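**Q** Have a look at this one.
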Amino acid sequence: MKFPDSFLEEIRARLPVSQVVARRVNLKRRGREFVGLSPFNKEKSPSFTVNDQKGFYHCFSSGKHGSIFDFVMETEGLSFPEAVERLAGEAGIPLPKPDPQYERAQQQRLGLYDALEAAARYFEDELKSKEGRGALSYTERRGLLHSTLKEFRFGFAPGDRSSLKSVLLGKGFSEAQLLDAGLLIRPDDGRETYDRFRNRLIIPILDIKGRVIAFGARTLDDSVQPKYLNSPETSLFDKGSTVFNFARARGPAFDKNELIVVEGYMDVIALAQAGFANAVATLGTAFTERQMELLWQLAPEPIICFDGDRAGEAAAARAIDRMLPTLREGHSFRFAFLPQGSDPDDLVRNEGSAAFTACLNAAIPLIDALWFREIGAQPL
């Protein structure tokens, strides 16, 4: 949604920069400005300044500079619309009414959110059923605790072709909505629609606000391929713009000023259970510019975890090429390589959280990863 300039100016007029910044920084007045310790870097002498008359803050140690909207985005990991909504509420200013066409589109999207939430609850209930015992046993073999299953809202999709469809149609959702949400498949030969997920362990995929937008599903029959199946892309779910566990990891990442990035959602879940709540996953996609921007919302230098074998080195090499065009001052990446043959899930289960922490501590900056790639490519 595009906000009118007059609306943004009204928020700025009602909220002095010092008032917004003071929630996170202990400010002291110095002449016409306020000064304090940088919220972005550790320092002993204050280099962070706020000027209410000019309406901006400036951090000399990190080079970061901006308005109240920039500050909330930088310190809380919010998008611009989220920051505007947050500050408008604080200023007591109602959000502008969207145009009718936008309103209709939003109502349609809300219907899809409702359908996906209803599906998530159905899958959760089925995991507790008699038919879901096999799925529950699988999670126990993977070492997952019941508290972890509850936190990540694990579920089970029965093997029947229309069990979810029947339940959600009975709740008043239309077949068109279920198709648009990616929950059903329509065969090309004109036969009736059927459930996309069958006999699979289900893991909801959430957006940055914590709403269900898709599902990841692991087969419980190893003869069935693919082993992992995601929802198709929909009006709510764009795989290249989604980071798994973003909403849950936001707070812990800010607290630690560190973000761990792995490939799959099972790795994220295993790490969260082992105490690494600041982990996210890219859902197996090549890094996109949108995903990198989301990662930078949570930490200025996320740590990307790769397997320590040749495939991991090759993946890191490809990632470097996608990262370089997007780099900007104060934002980069680090690379952590795991022991050969181990993924994060294996490592924390077999060797404990200390072994994974050691890998994180050995992470190298992007510039070093680039250097090692180049000198290894050919004799100098």
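**Q** How many residues does region 350-370 hold that are loosely packed, with under 15 Cβ neighbours inside 10 Å and not in a helix (DSSP H, G or I)?
**A** 3
**Q** Please go through region 217-241 and pick out each residue that is touching a Phe, Trp or Tyr at 6+ places or on another chain (Cβ under 8 Å), surrounded by 19 or more Cβ atoms within 10 Å (Cβ to Cβ) and part of a loop (DSSP other than H, G, I, E, B).
**A** Result: SER231, LEU236.
**Q** Would you check if there is a residue in region 191-201 being more than 28 Å from SER79 (Cβ to Cβ) and modelled with pLDDT under 95?
**A** Yes: region 191-201 contains one or more residues that are more than 28 Å from SER79 (Cβ to Cβ) and modelled with pLDDT under 95.
**Q** OK, next. Within region 152-164, identify whether any single residue is over 14 Å from PHE197 (Cβ atoms), of a type outside the set (Asp, Glu) and open to solvent by less than 10 Å² (accessible area, probe 1.4 Å), and answer yes or no.
**A** yes
**Q** With the requirement that a residue be closer than 21 Å to ALA253 by Cα and among the aromatic types (Phe, Trp, Tyr), what does region 57-87 give you?
**A** Selection gives PHE69, PHE71, PHE80.
**Q** Would it be correct to say that ALA214 is under 19 Å from the mean Cα position of the chain (by Cα) and either under 27 Å from GLY134 (Cβ atoms) or open to solvent by 50 Å² or more (accessible area, probe 1.4 Å) (or both)? Step through it out loud before you land on a result.
**A** Numbers: under 19 Å from the mean Cα position of the chain (by Cα): yes; either under 27 Å from GLY134 (Cβ atoms) or open to solvent by 50 Å² or more (accessible area, probe 1.4 Å) (or both): yes.
So ALA214 fits the description; yes.
**Q** Going through ALA88, ALA83, ALA118 one at a time, which residue ends up being more than 17 Å from GLU9 (Cβ to Cβ) and modelled with pLDDT of 90 or more?
**A** Just one listed residue meets the conditions, ALA118.
Residue by residue, here is whether (1) over 30 Å from SER231 (Cβ atoms); (2) open to solvent by 20 Å² or more (accessible area, probe 1.4 Å); (3) in contact with a Lys or Arg (Cβ under 7 Å, 6 or more places away or on another chain); (4) in a strand (DSSP E or B) holds:
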site	(1), (2), (3), (4)
THR285	no, yes, yes, no
LEU294	no, no, no, no
GLY312	no, no, no, no
ALA315	no, yes, no, no
LEU347	no, no, no, no
PHE372	yes, yes, no, no
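**Q** Helices (runs of 4 or more DSSP H) wholly in region 80-171 with at least 2 residues that are among the charged types (D, E, K, R) - which ones?
**A** Details: elements: 80-91, 100-127, 133-141, 146-151, 163-170.
In region 80-171, 80-91, 100-127, 133-141, 146-151 are the helices (runs of 4 or more DSSP H) which contain 2 or more residues that are among the charged types (D, E, K, R).
The values are calculated or read from the model by the stated rules, or taken from the named source; none is laboratory data. Predicted model only: the values in this text are computed from it and were never measured. Neighbour counts are summed over all protein chains in view; Cβ atoms, including those assigned to glycine, are modelled from backbone coordinates with ideal geometry. The area values use the complete protein model at the heavy-atom level, side chains included, leaving out ligands, DNA and RNA. Shrake-Rupley method; radii C 1.70, N 1.55, O 1.52, S 1.80 Å.
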